[in-house]
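The values are calculated or read from the model by the stated rules, or taken from the named source; none is laboratory data. What you see is a predicted model, and the numbers here were worked out from it, not measured in a lab. Counting neighbours? That spans all protein chains shown, and the Cβs are built from the backbone with ideal geometry, glycine included. In case anyone asks, the SASA skips ligands and DNA or RNA and just uses the protein heavy atoms, side chains included. Shrake-Rupley method; radii C 1.70, N 1.55, O 1.52, S 1.80 Å.
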Amino acid sequence: MSAATTRSRTPDRLCAEAVDLARAAAEEAAAPGVVGEHEGMVSEGDRVVTHHFACKDLGYRGWRWAVTVARASRAKIVTVDEAVLLPGPDALLAPEWVPWSERLRPGDMGPGDLLPTDAEDLRLEPGWTGEDEPPPNSAVSHEMAELVEAEDAEVTSGPPAELSTVPARGSISAVAEELGLRRTRVLSRYGLHVAADRWEEGFGPKTAMAQAAPASCESCGFLARIGGSLGQAFGVCANEFSPADGRVVSLAYGCGGHSEAAVMPKPPRVAPPVIDETRVDPFPLRPAPDSGSVTVAEDEASAELGHS
């Protein structure tokens, strides 16, 4: 080990003893009453020492004031180099910064927000615009077409942004634009798979709603079909009473609002009462003539005895 290395690791005596000077510098940089007790020092090099003081600020728990002092060679006066607030081993730190593109989550965009798409987004791929395709009845090959374009290129005075991009009427580009094919980029196969996995996770056959549904969306009259390759497995729900109204749902998804669900059951009929309390049974005060208890015509003998 060299002598210079040994000297750099050994704190300078005058710099190590300048605790009061370092504290005064820290109190000057900090608010009153924030600088705490001395927590040690570290040798930064030849005649350079950093003193650490605790920070009493509640918002900076675990931080400490670091004041670096130094002296010139053969000098007896110690001067302050810098005073900064640095995090300690147990300091309360802010979470690691994450780019906005990684922090963004579905549903974070609001009215007026713009989400720029990266030029290298894996969910997109170049679309067919027809600009580089020769006419269908052209006799030249692709190689000859590129050669002709290179030889007949014209230099314009204005920048390319000022040139007209409207395709000529009757050209392949005009027909492609009319059919909706003239897009700069379209969904790639990766983008299709990512979207399909996301939609199937939210409204797919493995959800609790689909498990308890009477039938799948494939046979539901409220399902609006979509075009493209995704239409083979997904559609749009148009039932306002369904939890998936206006959402892209899997054809294997289902809910209780299925159009062909079982007919509403009829209300049960009330069983007839055992005792009919709405009917009045007549009870005569005198027995019927044919009941056999007394005769219809009373004789004089029975009348005298008081028999009724």
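Here are the numbers for the structure shown:
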read-out: Cα radius of gyration and Dmax for the stretch 1-89 (Å); value: 13.6, 44
read-out: Pairwise label distance in nanometres, residue 94 with residue 212, each label 7 Å out on the Cα-Cβ vector; value: 4.6 nm
read-out: Residues of the stretch 9-125: accessible area per residue with a 1.4 Å probe, Å²; value: 71 Å²
read-out: Accessible area, probe 1.4 Å, largest first, for residues 101, 242, 216; value: 101, 216, 242
read-out: For the stretch 213-261, the Rg and Dmax computed from alpha carbons only, in angstrom; value: 9.6, 29
read-out: Among 86, 49, 34 the positive-end extreme of the charge dipole of the stretch 1-96 (Cβ point charges); value: 49
read-out: Whole-percent carbon and sulfur share, accessible surface of the stretch 42-92, 1.4 Å; value: 51 percent
read-out: Segment residue 233-residue 84, length gained on full extension (0.36 nm per residue, minus Cα span); value: 47.6 nm
read-out: Heavy-atom surface of the stretch 194-280, accessible at 1.4 Å and reported per residue (Å²); value: 73 Å²
read-out: Heavy-atom accessible area ranking, 1.4 Å probe, most first, across 203, 222; value: 222, 203
read-out: Ordering of 92-100, 79-87 by burial proxy (mean other Cβ atoms within 10 Å per residue, highest first); value: 79-87, 92-100
read-out: Built amide H within the under 5 Å cut-off of residue 251, gap 5+; value: 234, 235
